Amino acid sequence: MIEVEGLTKFYGPHPAISDVTFTVDEGEIVGFLGPNGAGKTTAMRVITGYMPPTTGTVRVAGHDMVDDSLEGRRNIGYMPEKVALYTDMRVVEYLGYAGRLQGMKREAIGERTEFCLERCGLQERRNDIIGRLSMGYRQRVGLAQAMLHNPKVLILDEPTVGLDPNQIIEVRNLIKGLAKDHTVMLSTHILPEAQMTCERVIIINHGKIVAVDTPEQLTSQIRQSETLLVRVDTKDSNVVQQLLDLPKVTGVRPAEGTGGYYVDAMVGTDIRAALAAFVLQKGWGLLELRVVEMSLEDVFRQLTTEEEV
Amino acid sequence: MRNALTIAGKELRSYFISPMAYAVMVFFFGLCGLIFVLYISSGPGADADMRPMFHSMLFLSLIVSPVLTMGLLSTERATGTIELLMTKPVRDIEVAIGKYLAAMALYAILLLVSLEFPLAMAKFGHLDWSATMGGYLGLLLCGVAFMSIGVFASSITDNQIAAIVVGLLLLLFFWLIGFLGAAASPTLGDVAKHISILENFQDLEKGIIDTKSILYFLSLAGFMIFLAVRSLENRRTV
């Protein structure tokens with residue numbers, strides 16, 4: 001549905017993104033993840049046809065975004081990072097304007113406006129002047145205008161920025177629901193968001209793709225050890241050294257705030273039983289023993305900081 | 001074309017929601033009315049001639065047009081609304097023409113309402129209607145050129161004040177080029193006369209409808225809209 005090939009975009013002498021290649025399949029919900037300034041917005045602006053690429057091609061729903069941009073744009077619903085709307089218009093007026101520019105028929109605009117107002121929780125605000133709406137509601141108007149013409153592809157740039165925690169959850173659920181009928185690509189710098197909403201994550205840093213995979217795969221791929229958290233009740237002052245002497249253990253460090261220890265073991269091994277047996281044999285009290293899942297946050301930090309070193 | 005009309009409708013509505021349309025009308029008709037009263041009360045036996053009025057109206061149009069057009073494209077840039085506009089299936093030229101049509105529509109409303117002046121004159125004296133209509137055609141054509149210059153000025157900046165300044169400078173250039181050229185050299189003066197707004201207007205105002213003048217205003221407008229479209233396209237490569 002979205003095919004990006006060798007995409008490079010220069011701002012003056014510096015590339016904002018360089019040689020970015022990826023595809024998004026129909027019905028997928030893909031997250032574009034990266035720190036601020038990584039090139040997410042630039043990439044999305046090129047994909048939506050707002051700016052042409054310096055080199056490389058973008059095809060959306062089969063339409064080249066340079067040669068056949070108008071047809072491509074018909075298939076895209078876009079919500080920019082800073083949702084800038086005409087502050088002197090009312091919500092329904094604005095949606096009507098957006099619909100007419102999309103080439104929709106009058107009846108279709110009426111029907112879809114009702115649908116989108118309902119889905120975005122805007123019915124009560126339909127006649128409000130946009131300039132008087134709070135940030136969260138403007139964000140919803142931005143989403144409503146993006147989905148108004150029922151596009152095949154939805155491109156959402158930081159859709160939850162500036163929302164309060166309840167609104168964030170609402171919007172995330174809304175986006176998840178949209179994935180049934182649309183192909184969704186969203187950008188975010190919030191890791192749990194990508195982990196929660198996206199089927200696939202594209203991690204971008206300094207304008208380059210550093211990883212593409214499912215959140216689960218990414219975390220397991222990057223894992224260099226199996227980590228356990230163990231908490232023991234003992235007066236023994238030399239726990240770390242004794243744990244290190246166990247077979248297959250590669251590292252032990254205190255787990256801050258828990259009073260326990262992180263025990264790293266060789267990849268592909270499960271030393272839980274051996275560790276438990278050892279603790280009991282020592283006569284310590286075993287308070288806790290569990291596998292520590294690596295979060296996407298760790299993966300992300302690893303991928304993006306390795307680059308700089 | 002449908003898109004251009006959609007955009008024009010939206011902009012025209014914005015004019016009337018904001019104080020813009022009213023401020024411009026108060027300014028335009030306030031001064032026009034004052035000049036009209038001064039003119040007809042200049043003593044018994046004053047001519048029922050619209051020509052002195054046309055001069056004032058033309059000058060007021062020159063001031064009003066950059067004000068009307070200043071925000072058309074520059075605010076879209078400044079606030080960022082241009083991003084959503086340009087990612088809709090809309091051509092750049094449709095955006096430029098839509099904005100231009102909105103300014104032209106408001107200008108046409110000004111001219112229509114100002115018909116009260118010749119109507120009042122005709123009631124109390126003998127008015128040469130053909131010369132008057134020629135003058136109105138001249139004003140309309142000047143508007144066609146003025147507004148296009150304003151739209152171009154608005155397209156190259158995201159600052160409304162800068163748009164006004166650029167617009168006024170361009171207008172003054174086309175206004176005064178006749179004098180400047182003549183002062184420089186006779187040959188240059190001849191060329192400059194042809195691209196001067198004032199010279200071309202004066203023919204029409206006398207009731208002489210010359211295709212050359214009409215073509216002049218239309219091609220000036222076409223050129224300015226072309227430049228505005230280019231400047232819109234340019235944003236894409238910035």
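Could we say that B:Ser56 is more than 14 Å from chain A (Cβ to nearest Cβ), touching a Leu at 6+ places or on another chain (Cβ under 8 Å) and on the phi < 0 side of the Ramachandran plot here? Considered against the rule, which asks whether it is more than 14 Å from chain A (Cβ to nearest Cβ), touching a Leu at 6+ places or on another chain (Cβ under 8 Å) and on the phi < 0 side of the Ramachandran plot, B:Ser56 comes out as yes. For the stretch B:108-147, a tally of residues being outside any helix (DSSP H, G or I), touching a Gly at 6+ places or on another chain (Cβ under 8 Å) and either modelled with pLDDT of 90 or more or under 21 Å from B:Met25 (Cβ atoms) (or both) returns 0.
Filtering A:Val249, A:Val210, A:Val232 for residues that are touching a residue at least 40 places away in the same chain (Cβ under 8 Å), closer than 17 Å to A:Val291 by Cβ and not small (Gly, Ala, Ser) leaves a single hit, A:Val232. Can you find a residue that is in a strand (DSSP E or B), at pLDDT 90 or above, out of contact with any helix residue (DSSP H, G or I) (no Cβ under 8 Å at 6 or more places or on another chain) and surrounded by fewer than 18 Cβ atoms within 10 Å (Cβ to Cβ) anywhere in the stretch A:9-16? No, that holds for no residue. Going through (1) part of a loop (DSSP other than H, G, I, E, B); (2) out of contact with any helix residue (DSSP H, G or I) (no Cβ under 6 Å at 6 or more places or on another chain); (3) buried (at least 19 other Cβ atoms within 10 Å of the Cβ) one by one, A:Leu85 falls short only on (2). When A:Val91 is tested against (1) crowded, with 18+ Cβ neighbours inside 10 Å; (2) closer than 27 Å to A:Leu191 by Cβ; (3) of a type in the set (Val, Ile, Thr), only condition (2) is not met. Being within 14 Å of another protein chain (Cβ to nearest Cβ) and either hydroxyl-bearing (Ser, Thr, Tyr) or in a helix (DSSP H, G or I) (or both) is a property that B:Lys99 has. Restricting attention to the stretch A:32-85, and to residues there that are aromatic (Phe, Trp, Tyr) and within 11 Å of chain B (Cβ to nearest Cβ), which single residue is farthest from A:Gly6 (Cα to Cα)? Checked the stretch A:32-85; the qualifying residue farthest from A:Gly6 (Cα to Cα) is A:Tyr78.
Annotation note: of B:Val37, B:Val26, B:Val64, the sole residue that is under 15 Å from the mean Cα position of the chain (by Cα) and more than 14 Å from chain A (Cβ to nearest Cβ) is B:Val64. In the stretch A:179-191, the residues that are without any contact (Cβ under 8 Å) to a residue 60 or more places away in the chain form Cβ pairs under 9 Å with partners that are assigned to a strand (DSSP E or B) and buried (at least 22 other Cβ atoms within 10 Å of the Cβ), at six or more places apart or across chains, as follows: A:Ile190/A:Leu33.
The values are calculated or read from the model by the stated rules, or taken from the named source; none is laboratory data. This one's a predicted model, so the numbers in the text were calculated from it and none came from an experiment. Note: ideal-geometry Cβ built from the backbone for every residue, glycine included; neighbour counts use all protein chains shown.
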